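One structure is given here, and the rest of the page talks about it.
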Amino acid sequence: MSSPLPVRPLTPRLGARVDLDLGRGLDDATFDAVYEAFLRYQVLLFPPQDLSPARQVEFGRRFGELQIHVMNQYHSDAHPELYRLSNLDDKGRPNGRHPDKGTLAWHTDGSWQRVTGQATLIYGEVMPASGVGGETHFCDMYGAYERLSPAWKTRLAGLRAVHNLDFSRTRRHAEDPLTDDQRRARPPVDHPIVRTHADSGRKCVYLGDHAESIVGMAYDEGRALIEEVNAMIVHDDLTYRHRWSPGQLIVWDNRCVLHRATAYDPSRDRRVIRRCTVLGEVPQ
Ligand SMILES: [Fe+2]
């Protein structure tokens, strides 16, 4: 028997808080309601709770197959599906180093793979005590598409962007370069700039910081177009800004949302998250 899900919208446009305890697993009817809310609100926030790595992986698997990230230096907690971002040294002190500066730019997880990310689940283990910095922001890409002028819709229709982790990670942000093996394992892939969401059937813009160039366009021209569109598709009133409390879990739909983290002081504040990404489909 399903019960109504305790869902409370976070903004008029996207995001909802779902007051569920995930620690004991969900029956199928409840998960179906969660998935419905996930499609409707694009970003779901679960209240602070003690969620073990195993439970996080189990919950992620309800959405679909979990990605094993190519950058295996981040694997954690004996679960290769989990990816840990931490600025702590082995004594638990801030080490002064941001673990992934690429996350500070608007992007969508796994767009550098042929089968791209569907959901990402982030559990906030440790968050800056001040509550300031290290936020995560989410922007609605259905709305971004709706707001394109007819001329832009026409211009982008049929265009494909090449997404490349080596570009966004190594060349663009110049930190923690991929190894040669990692680079070979993840060659660039192209995806439509306007995709149709597999579940909702709605169109959305699919671009972000992993996009390097445009198929059939000179490199510099493609770069300029990507920068222009990436700037154009983020709107304040289509954005949910999340300030974390420890123990919260957020799940979002990478197919129709861009996200970014905000900076924090990695020499003073402590921040540890564990993340897993669910594989979706080849964008159409
Ligand atoms: Fe991300």
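Nothing in this text is a laboratory measurement; each read-out follows from the coordinates by a stated rule. Everything numeric here is computed off the predicted structure, so don't read it as measured data. Counting neighbours? That spans all protein chains shown, and the Cβs are built from the backbone with ideal geometry, glycine included.
Between Leu156, Leu121, Leu104, the Gaussian network model of the chain with springs among Cα atoms under 10 angstrom shows the greatest mean-square fluctuation at Leu156. When the chain is treated as a GNM with alpha-carbon contacts under 10 Å, the residue of Ser52, Ser200, Ser86 showing the greatest mean-square fluctuation is Ser200. A straight Cα-to-Cα reach below 30 Å connects Lys91 with the lysines Lys101, residues fewer than 8 places away in its own chain not being considered. When both region 101-159 and region 187-202 are represented by their alpha-carbon centers, they are found 13 Å apart. Counted by Cβ distance under 15 Å from Arg147, the other residues give a net charge of 0, where Lys and Arg count +1 and Asp and Glu count -1.
Over all other residues within a Cβ to Cβ distance under 15 Å of Arg268, the charged ones net out to +1, with Lys and Arg as +1 and Asp and Glu as -1. Rounded to the nearest 0.05, the FRET efficiency derived from the C-beta distance between Ala218 and Asn95 at R0 = 35 Å is 0.25.
Rounded, prolate or oblate for region 38-187? Axes are the square roots of the Cα gyration tensor eigenvalues, ordered a ≥ b ≥ c, and the cut-off for rounded is a/c under 1.5. Since a/c reaches 1.5 and a/b is larger than b/c, the shape of region 38-187 is classed as prolate. Most tightly packed first, judged by the mean number of other beta-carbon atoms within 10 Å of their residues, the peptides 254-265, 58-69 read 254-265, 58-69. Around the Cα centre of region 173-267, unit charges on the Cβ atoms of Lys, Arg, Asp and Glu (plus for the first two, minus for the last two) sum to a dipole of about 440 debye.
With an 8 Å Cα cut-off and a minimum separation of 6 or more residues, compute the relative contact order for region 147-284 in percent. Relative CO of region 147-284 lands at 25 percent.
Here's the list of lysines a cross-link from Lys153 could span, going by alpha-carbon distance under 30 Å and ignoring same-chain residues fewer than 8 apart: Lys203.
What are the GluC sites (Glu not before Pro) within region 169-273 that DSSP puts in a loop, where the Cβ has at most 13 other Cβ atoms within 10 Å? Here the GluC sites (Glu not before Pro) that fit, given the DSSP loop and packing criteria, are Glu175.
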